[in-house]
Amino acid sequence: GSHILSVSQFDREAIAKILQVSAQMAPYASRQKRCNVLEGAILSNLFFEPSTRTRVSFGTAFNLLGGFVRETVGQENSSLSKGESLFDTAQVISGYSDVIAMRHPKMHSVGEFAQGSTVPVINGGDGANEHPTQALLDLFTIQSEMMHFNKGLDDLNIVLMGDLKHGRTVHSLSKLISLYNNVKITMVSPKALQMPDSVISTLSDAGHEVIITDKMAGNLQADVIYQTRIQQERFASKDEADLYRGHFSLNKSVYQQYCKDNTVIMHPLPRDSRPEANELDADLNELDNLAIFRQAQNGVLVRMALFALTLGVEDQLTQYEMPVNW
Ligand code: CP
């Protein structure tokens with residue numbers, strides 16, 4: 001198996017396979033069926049930054065396929081705090097593991113780590129750079145939500161909103177979306193928090209319509225509106241991050257003004273629930289189109305698929321099935 005470090009490593013065919021295997025995982029995630037295809041395998045979950053969804057869903061996905069999970073949480077609990085390099089750490093941990101999932105605050109650090117690893121490394125977020133497994137679960141979510149409207153991943157109108165400069169999930173998702181046909185993407189953010197040029201050009205070079213704006217205007221007719229959090233941990237100070245809080249809140253009245261009746265609302269989560277942030281108001285919770293928790297749930301399916309594909313067992317799923325009451 002090979003590492004998963006960036007969405008740039010995937011073409012449409014590879015993505016189609018990942019989405020198809022993810023859908024196949026549903027019965028194994030819901031306990032309709034048990035599957036031990038990764039029995040005896042060990043995942044090392046190395047998280048050097050806070051995480052709820054990514055860390056726990058990687059672990060859950062691995063457990064559901066019959067494997068064991070070892071957790072390392074926080075730089076202070078590892079010997080990186082004694083000056084050990086990422087390369088040496090990888091040499092050691094890969095000797096203890098069959099696969100490694102890793103999050104780290106520094107851009108490209110997971111790639112650096114992977115160079116020292118003898119087993120596949122999956123990037124669970126490297127600073128403001130990328131979050132490829134999130135983008136894949138976002139794409140899976142878009143595909144499954146659009147099915148209700150007889151649409152697929154082509155001809156979509158997508159609005160990305162918030163801290164597009166630091167939000168690694170929207171960087172990865174934009175690159176994936178650029179592979180599909182005839183996409184229109186509107187990027188709404190304060191000027192100082194615009195999407196990096198390199199990400200914009202991935203879309204525009206592929207011939208897609210990209211609109212960059214710091215104002216919401218008129219009904220956007222979007223299929224999907226994807227809100228992001230102000231990534232306070234990437235700013236010099238909380239005060240600096242506070243300057244941008246509350247600029248593009250999404251609540252029911254904003255939704256009614258700028259969206260269609262059935263625009264699907266996404267957010268990678270966590271959403272900032274403090275009143276001054278109000279990026280995704282709780283008054284949206286009652287809407288069927290609020291897909292944020294379905295999105296988080298899809299993380300288990302997509303990560304199960306990525307483990308199965310990375311470790312080369314995706315064709316053996318049914319072979320390792322057992323009765324639910326085993
Ligand atoms: N979406 C996401 O990466 O969430 P966590 O930071 O909780 O893992």
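Observations
- Filter pass, Tyr226 being part of a strand (DSSP E or B) and either in contact with an Asp or Glu (Cβ under 9 Å, 6 or more places away or on another chain) or charged (D, E, K, R) (or both): yes
- Looking across segment 109-136 at every residue that is assigned to a loop (DSSP other than H, G, I, E, B) and within 16 Å of the ligand (Cβ to nearest atom), the one that is modelled with the lowest pLDDT is identified as Ala128.
- Considering Asp155, Asp163, the condition of being touching a residue at least 12 places away in the same chain (Cβ under 8 Å) and either hydrophobic (A, V, I, L, M, F, W, C) or in contact with a Leu (Cβ under 7 Å, 6 or more places away or on another chain) (or both) is satisfied by Asp163 alone.
- Test: residue in segment 70-90 that is within 16 Å of the ligand (Cβ to nearest atom), free of Cβ contacts under 8 Å to residues at least 60 places away in the same chain and within 26 Å of Phe293 (Cβ to Cβ): yes
- Within segment 97-108, the presence of a residue that is in a helix (DSSP H, G or I) and out of contact with any Lys or Arg (no Cβ under 6 Å at 6 or more places or on another chain) is excluded.
- Qualifying residue in segment 144-152 (condition: in contact with a helix residue (DSSP H, G or I) (Cβ under 9 Å, 6 or more places away or on another chain), in a helix (DSSP H, G or I), at negative phi and in contact (Cβ under 8 Å) with a residue 60 or more places away in the chain): yes
- Annotation: of all residues in segment 144-162 being more than 19 Å from Ala206 (Cβ to Cβ) and polar (S, T, N, Q), the one that is surrounded by the most Cβ atoms within 10 Å (Cβ to Cβ) is Ser144.
Conditions (1) within 16 Å of the ligand (Cβ to nearest atom); (2) surrounded by fewer than 20 Cβ atoms within 10 Å (Cβ to Cβ), marked per residue:
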| residue | (1), (2) |
| --- | --- |
| Pro270 | yes, yes |
| Arg274 | no, yes |
| Asn285 | no, yes |
| Ala291 | yes, no |
| Gly299 | yes, no |
| Ala308 | no, no |
| Gly312 | no, yes |
| Gln316 | no, yes |
| Met322 | no, yes |
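- Of the residues Val99, Val159, Val110, the single one that is assigned by TED's automatic domain parsing to the domain that holds Phe58 and within 17 Å of the chain's Cα centre (by Cα) is Val110.
The values are calculated or read from the model by the stated rules, or taken from the named source; none is laboratory data. Keep in mind the model is a prediction, meaning the values are calculated, not measured. No Cβ is skipped: glycine too gets one built from the backbone with ideal geometry, and neighbour counts run over all protein chains shown.
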